[in-house]
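The values are calculated or read from the model by the stated rules, or taken from the named source; none is laboratory data. Since the model is a prediction, treat every value here as computed from it, not as a measurement. Cβ placement follows ideal geometry from the backbone for every residue including glycine, while neighbour counts extend to all protein chains displayed. Note: areas computed on protein heavy atoms with side chains; ligands, DNA, RNA excluded. Shrake-Rupley method; radii C 1.70, N 1.55, O 1.52, S 1.80 Å.
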Amino acid sequence: IALAAIYLVLAFCSTFVLWLKLSVAKPVQENIQQKSELKLLQSELISTPLSIGLFPRNVFLPSFFKTLPHQCQQVLINHELAHIKRKDGFFQLLQMFAQAVYFFHPLVWLLNERVNEYREMACDDTAIKQANLSPMEYSRYLVHMAENIVHPHWSYNSATALIRQKNKLTNRVNYLLKESKVMKRKMV
């Protein structure tokens, strides 16, 4: 029980520290179409768009967001909105509790990684559908985003973490270009 509590405290503390760092984010002034009442905020402390919390009201964007093509900006916002509409923050909390309780079980850790990957892929599918893009075009935007991540401030601390992030991006692009068509055929 003590180890589970320590895990949860560390997870909540790191989320709280991130939230504090993002509290100084500035509103995006550009004219980006929004279909909701969410605030778009920009911060130099992050390297990818994100939303934080159980029921987020803000989408945080990296400082280089303004330099991206307009369609890329819109599709990235759609991706984050998909996370919010799917209530992914709530499900991540449930995952965190499951991982804390079963911290000793390696399959729980592997399952959490896969669920996180599938969550991203589902939001990618939603963003593609809303923007009426081909998976190839969206994959190019993902790679373009990855190229803009030069020096992340808090996310990736080691070479192994960078390799892991590269593998996740590769998995998402492979899914978009190959597996999404197969998955959609199986669902029909």
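Observations
- Restricting the first member to segment 124-144 and to residues that are over 10 Å from residue 176 (Cα atoms), and the second to residues that are of a type in the set (Lys, Arg) and open to solvent by 20 Å² or more (accessible area, probe 1.4 Å), the beta-carbon pairs closer than 7 Å and six or more apart or on different chains are 142/172.
- If the condition is being more than 11 Å from residue 7 (Cβ to Cβ), part of a helix (DSSP H, G or I) and either open to solvent by less than 90 Å² (accessible area, probe 1.4 Å) or of a type in the set (Val, Ile, Thr) (or both), then segment 99-109 contributes 106, 108.
Each row is one residue, and each column tells you yes or no for (1) more than 30 Å from residue 143 (Cβ to Cβ); (2) among the aliphatic types (A, V, I, L, M); (3) open to solvent by less than 50 Å² (accessible area, probe 1.4 Å); (4) in a loop (DSSP other than H, G, I, E, B).
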position	(1), (2), (3), (4)
4	yes, yes, yes, no
21	no, no, no, no
72	no, no, yes, no
79	no, no, yes, no
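- Subset of segment 114-140 that is under 15 Å from the mean Cα position of the chain (by Cα) and open to solvent by 40 Å² or more (accessible area, probe 1.4 Å) - its residue that is farthest from residue 86 (Cα to Cα): 114
- For residue 91, the test of being of a type in the set (Phe, Trp, Tyr), closer than 16 Å to residue 141 by Cβ and surrounded by fewer than 18 Cβ atoms within 10 Å (Cβ to Cβ) is failed.
- Test set (1) over 23 Å from residue 92 (Cβ atoms); (2) surrounded by fewer than 20 Cβ atoms within 10 Å (Cβ to Cβ); (3) at pLDDT 85 or above - residue 29 fails condition number: (3)
- Test: residue in segment 69-91 that is within 18 Å of residue 10 (Cα to Cα) and either of a type in the set (Ser, Thr, Tyr) or touching a strand residue (DSSP E or B) at 6+ places or on another chain (Cβ under 8 Å) (or both): no
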